[in-house]
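Peer 1: Structure incoming, see below.
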Amino acid sequence: MGDEKLHSCSLIYFCSNSCKEETVVDACKGTKPAVRSSQHNVHMRSPSVQHMSSEGNENSTPSTPKIEDFLQKKLKLRAFTYSELKAATRNFRPDSTLGEGGFGTVYKGWIDEIGSSGLKSASSITVAVKVLNQEGSQGHREWLTEVNYLGQLRHPNLVKLIGYSCENEDRLLVYEFMARGSLENHLFRKSKPPLSWAMRMKIALGAAKGLAFLHGAEKSVIYRDFKTSNILLDSDYNAKLSDFGLAKDGPEGDQTHVSTRVMGTYGYAAPEYVMTGHLTWRSDVYSFGVVLLELLTGRKSMDKTRPNGEHNLVEWARPYLRDQRRLLQIIDPRLEGMYSVKGAQKAASIAFHCLSHTPKTRPMMSDVVQTLEPLQHMRDMANASYFFVAGMTETQNQESKNLSVMRSPMQVALGKLSVADVA
Ligand SMILES: Nc1ncnc2c1ncn2[C@@H]1O[C@H](COP(=O)(O)OP(=O)(O)OP(=O)(O)O)[C@@H](O)[C@H]1O
Ligand SMILES: [Mg+2]
């Protein structure tokens, strides 16, 4: 929330995507597409992600039942009526609000096998209902992209889309409920206890697996909006990617990139993509590097409340990443030294490579996953290291003093905090 979204150069994006989108606009009762395209049926592109496509016969008429079939039978998505979801969220009650993003408000709700009571019961499941409040084609387009991708992609590190509602002008999405909310809240809300090192590494690995799955799919998918608010956590802190509204098919054949309207979030989008609109999976790798850096430092990718020179996390942190001793100065002070030194060095090296100015030298997400795996169980805690205390900067010492649960530098130096303290 509060991120500055990138929106520009709409022409290319619109031309390359409008047909697919118009097809489903027709499927939604009572809504007229802005531009009619040729054939309105469901075109399957097996075995990768399939699209509601408009390729083919120019004179065909819209085929709403086929599209409804596609969403419900093929994608196994449940079609909800608006009033069902209104009941599920108890009339979109403000106190059931889970969060708010650029495209709408997300509410907690309860649904049953049939219908939706809005009440917690033995037979009900908890869901998150996103109500798009954005008018016009952009919001609708992203709603469609989300239904199309998330409806077809299934992976333990992707949020599950349960169903949708598309009545008149209303567009809603129903997801599995992620009990611990977004990584953004855990990392940056002062009211939340700091995430332990072990949790951070678990979340980084889960999110990396989600991206690796998308890039490795037979028809690769570029996620395009990788950031902490789109990484959701279940009750066991398993990370799942949400928000596929900006996702795109990867380049095909001998194409090196996809040309798109530049979209995403400042602070996370790869610089070459922002400059050229040329999108590749390497742009996602860059964004992953930014998130990894946020996990390491506890700082936001873009923070204008910081002193000059520290607003942009990547620019500020880059010089520290390859210096193994100086690196310890930028590790999140809220961890109070409770992190693995070797793990931090390895993670910083991954971030450094992901954030390379030369996209071709960025690693593949499958390699990132492999490198992160062994970092899950490292226990060489920094607080037991002389270098940690000696290397702490004035700023860090000051920040540490401000922490609510403070341990004295002497305690830290003596390594009095045991490994068992690590969650
Ligand atoms: N399935 C879910 N389960 C639990 N909470 C969720 C779920 N989906 C979203 N949320 C909460 O709602 C918030 C808003 O999500 P949303 O994706 O609409 O916006 P955002 O990611 O904050 O911003 P943006 O519009 O830039 O993507 C999330 O940060 C999260 O806290
Ligand atoms: Mg989001």
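Peer 1: Name every residue in the stretch 171-191 that is among the charged types (D, E, K, R) and open to solvent by less than 60 Å² (accessible area, probe 1.4 Å), in order of residue number.
Peer 2: Hits for the stretch 171-191 are Arg171, Glu176, Glu184.
Peer 1: Counting only residues that are closer than 26 Å to Ala384 by Cβ and out of contact with any Phe, Trp or Tyr (no Cβ under 8 Å at 6 or more places or on another chain), which one in the stretch 315-326 is least open to solvent (accessible area, probe 1.4 Å)?
Peer 2: In this case the residue turns out to be Ala317.
Peer 1: Are any residues in the stretch 274-309 part of a helix (DSSP H, G or I) and of a type in the set (A, V, I, L, M, F, W, C), and if so, which ones?
Peer 2: Result: Val274, Met275, Trp281, Val285, Phe288, Val290, Val291, Leu292, Leu293, Leu295, Leu296.
Peer 1: Could you list, ordered by first residue, the pairs with Cβ atoms under 6 Å in which the first is in the stretch 233-261 and under 16 Å from Lys209 (Cα atoms) and without any contact (Cβ under 8 Å) to a residue 60 or more places away in the chain and the second is among the basic types (Lys, Arg) and assigned to a loop (DSSP other than H, G, I, E, B), at least 6 apart or interchain?
Peer 2: Taking only residues 6 or more apart or on different chains, the pairs are Leu233/Arg180.
Peer 1: Next question. What number goes with the only condition from (1) within 12 Å of ligand 1 (Cβ to nearest atom); (2) of a type outside the set (S, T, N, Q); (3) open to solvent by 30 Å² or more (accessible area, probe 1.4 Å); (4) modelled with pLDDT under 95 that Asp225 does not pass?
Peer 2: Going through the list (1) within 12 Å of ligand 1 (Cβ to nearest atom); (2) of a type outside the set (S, T, N, Q); (3) open to solvent by 30 Å² or more (accessible area, probe 1.4 Å); (4) modelled with pLDDT under 95, Asp225 breaks only (3).
Peer 1: What's the number of the condition Lys74 fails, among (1) at pLDDT 90 or above; (2) more than 16 Å from ligand 2 (Cβ to nearest atom); (3) closer than 17 Å to Gly163 by Cα?
Peer 2: All conditions pass for Lys74, except number (1).
Peer 1: For residues in the stretch 327-358 being closer than 20 Å to Tyr286 by Cβ and of a type outside the set (A, V, I, L, M), which is least open to solvent (accessible area, probe 1.4 Å)?
Peer 2: Cys354
Peer 1: Let me ask something else. Would you check if Leu214 is buried (at least 19 other Cβ atoms within 10 Å of the Cβ) and more than 16 Å from ligand 2 (Cβ to nearest atom)? Let's see the steps before the verdict.
Peer 2: Values: buried (at least 19 other Cβ atoms within 10 Å of the Cβ): yes; more than 16 Å from ligand 2 (Cβ to nearest atom): no.
The answer is no for Leu214.
Peer 1: Restricting to the stretch 145-194, what's the tally of residues that are near ligand 1 (Cβ under 9 Å from one of its atoms), assigned to a loop (DSSP other than H, G, I, E, B) and in contact with a strand residue (DSSP E or B) (Cβ under 6 Å, 6 or more places away or on another chain)?
Peer 2: Total meeting the criteria: 5.
Peer 1: Then there is this: Looking at Asn308, Asn312 in this structure, which one is open to solvent by 20 Å² or more (accessible area, probe 1.4 Å), modelled with pLDDT of 95 or more and among the polar types (S, T, N, Q)?
Peer 2: When all the criteria are applied, what remains is Asn312.
Peer 1: Quick check: anything in the stretch 201-209 of a type outside the set (Asp, Glu), out of contact with any helix residue (DSSP H, G or I) (no Cβ under 8 Å at 6 or more places or on another chain) and either within 15 Å of ligand 2 (Cβ to nearest atom) or over 27 Å from Gln255 (Cβ atoms) (or both)? Before you say what the answer is, go through the steps one by one.
Peer 2: First pass over the stretch 201-209, keeping only residues of a type outside the set (Asp, Glu): 201-209.
Checking the rest, the ones that are also out of contact with any helix residue (DSSP H, G or I) (no Cβ under 8 Å at 6 or more places or on another chain) come to 206.
From the residues that got through so far, the ones that are either within 15 Å of ligand 2 (Cβ to nearest atom) or over 27 Å from Gln255 (Cβ atoms) (or both) too are 206.
Yes, because at least one residue in the stretch 201-209 is of a type outside the set (Asp, Glu), out of contact with any helix residue (DSSP H, G or I) (no Cβ under 8 Å at 6 or more places or on another chain) and either within 15 Å of ligand 2 (Cβ to nearest atom) or over 27 Å from Gln255 (Cβ atoms) (or both).
Peer 1: Any chance the stretch 234-245 includes a residue that's among the aliphatic types (A, V, I, L, M) and more than 16 Å from ligand 2 (Cβ to nearest atom)?
Peer 2: Within the stretch 234-245, the first condition is being among the aliphatic types (A, V, I, L, M), and the residues that meet it are 239, 241.
If we keep only those that are more than 16 Å from ligand 2 (Cβ to nearest atom) as well, we get none.
Scanning the stretch 234-245, I find no residue that is among the aliphatic types (A, V, I, L, M) and more than 16 Å from ligand 2 (Cβ to nearest atom), so the answer is no.
Peer 1: Kindly indicate the residue of the stretch 229-244 that is surrounded by fewer than 24 Cβ atoms within 10 Å (Cβ to Cβ) and among the polar types (S, T, N, Q) and also farthest from ligand 1 (Cβ to nearest atom) among those meeting that condition.
Peer 2: Residue satisfying both the conditions and the ranking: Asn238.
The values are calculated or read from the model by the stated rules, or taken from the named source; none is laboratory data. In this text the structure is predicted, and so the values were computed from the model without any measurement. A quick note on method: Cβ atoms are made from the backbone with ideal geometry, for glycine too, and the neighbour counts reach across all protein chains shown. Just the protein is used for accessible areas: all its heavy atoms, side chains included, with ligands, DNA and RNA removed. Shrake-Rupley method; radii C 1.70, N 1.55, O 1.52, S 1.80 Å.
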